Amino acid sequence: MDRQELDNLKQWFSDYCRTFHTQNAEDQQNITLKEEHTLHVCDNMAAIARDLSLDEGRVMLAEAVALFHDVGRFLQYKKYHTFRDHISVNHAALGAKVLLENNVLRSVPKREQDLIIRAVTLHNVFAVPEGLDGDALLFLKMVRDADKLDIWRVSLEYYTQSEAERASAVGLDLPDTDGYSPEILESLRCREMVQMSALRTLNDFKLLQLAWIFDLNFVSSMRMVVARRIVERIASLLPDAVEIKNAVDFVRDYVAGRLRET
Ligand SMILES: [Fe+2]
């Protein structure tokens, strides 16, 4: 992919987003949030791609994957007024459908079209499926890291905002109490990802987001976690309990270990 091609896709994306803009302040805030999220994921993606020393054509392809990874969010919000897939629609599958139905990738080589569609479709699966290899696997792993890195930004912003400032569709409707579930802490100790259906409180979700660290694929992502103080900032929003502190230390040691490997 060359610069001109990527610029054309960016133009399409920005025109497409504009069709969802609205006078309703609450809806507009939710739409803007996803547009900004996309741009940040593009930046994270380019940083990861460059750190892997991919050539410029592949860095642009990586950016195109990031640009479209959440393209389904806009129609999802318009139809269902939520970003929660389990009560609406799988936004990744919807995104692939949007790209295909609008023939957005018509000027992109077929091999790259397939790669983009596949990465968009799979970017939100619980675990990377077996049987993928080569670029299909590489670009999927990259976008999953780039996405998580920005969801941490969005969530940390949300937790520290007042009710009035918050984008309404970010919330998960989980009780914001002092409670947390021992099962979630146990998953964390086993370096296992946590299913959304297992969450009982907002603290559980924060612990789920800490567990994402174990799902990161690239050292450059790990470095960004450290530079952005992700672990410390999530930890500061969790209850002051010994078992939480131990879990946070476990995650922090894991990050340090991964960085030592390089
Ligand atoms: Fe997504």
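Take a quick pass over the chain and tell me how many lysine pairs come in under 27 angstrom between Cα atoms, counting only ones 8 or more apart or on separate chains.
25
Report, in cubic angstrom per residue, the convex hull volume of the C-alpha atoms of the range 9-80. Mind showing how you got there, number by number?
On the way: hull volume 5.1 nm³, N = 72.
It is 71 Å³ per residue.
Could you state the principal axis extents of the C-alpha atoms in the range 182-249, from the largest down, to the nearest angstrom?
That gives 32, 23, 18 Å along the principal axes, largest extent first.
Under a GNM of the chain (C-alpha, springs under 10 Å), which listed residue has the highest mean-square fluctuation: Lys97, Lys110, Lys34?
Maximum among the listed residues: Lys110.
How much net charge surrounds His91 when only the other residues with a Cβ under 14 Å from the Cβ of His91 are counted, with Lys and Arg +1 and Asp and Glu -1? Don't skip to the answer; put the middle values down first.
Values: positive: Lys34, Arg73, Lys78, Lys79, Arg84, Lys97; negative: Asp70, Asp85, Asp147.
Cβ neighbours under 14 Å give a net charge of +3.
For the chain, what is Rg from Cα atoms divided by 2.2 N^0.38 Å, rounded to two decimals? The partial results should precede the final answer.
Details: Rg = 18.4 Å, N = 262, 2.2 N^0.38 = 18.3 Å.
Normalised Cα radius of gyration, the chain: 1.01.
Keeping the other protein chains in place, figure out the carbon and sulfur percent of the accessible area of the chain, with a 1.4 Å probe. Don't skip to the answer; put the middle values down first.
Values: 6240 of 12590 Å².
Accessible surface attributable to carbon and sulfur in the chain totals 50 percent.
For the range 100-162, how big is Rg over Rh, using alpha carbon atoms and the Kirkwood form of Rh? Spell out each step's value before the answer.
Numbers: Rg = 14.9 Å, Rh = 13.5 Å.
Taking Rg over the Kirkwood Rh, I get 1.10.
Hey, can you find the accessible area per residue of the chain for me, probe 1.4 Å, expressed in square angstrom?
On the way: 12590 Å² over 262 residues.
Heavy-atom accessible area per residue stands at 48 Å².
The values are calculated or read from the model by the stated rules, or taken from the named source; none is laboratory data. Since the structure is predicted, the reported quantities are computational estimates derived from the model, not experimental observations. Every residue, glycine among them, receives a Cβ derived from its backbone with ideal geometry; neighbour counts consider all protein chains shown. Heads up: the accessible areas ignore ligands, DNA and RNA and are worked out on the full protein's heavy atoms, side chains in. Shrake-Rupley method; radii C 1.70, N 1.55, O 1.52, S 1.80 Å.
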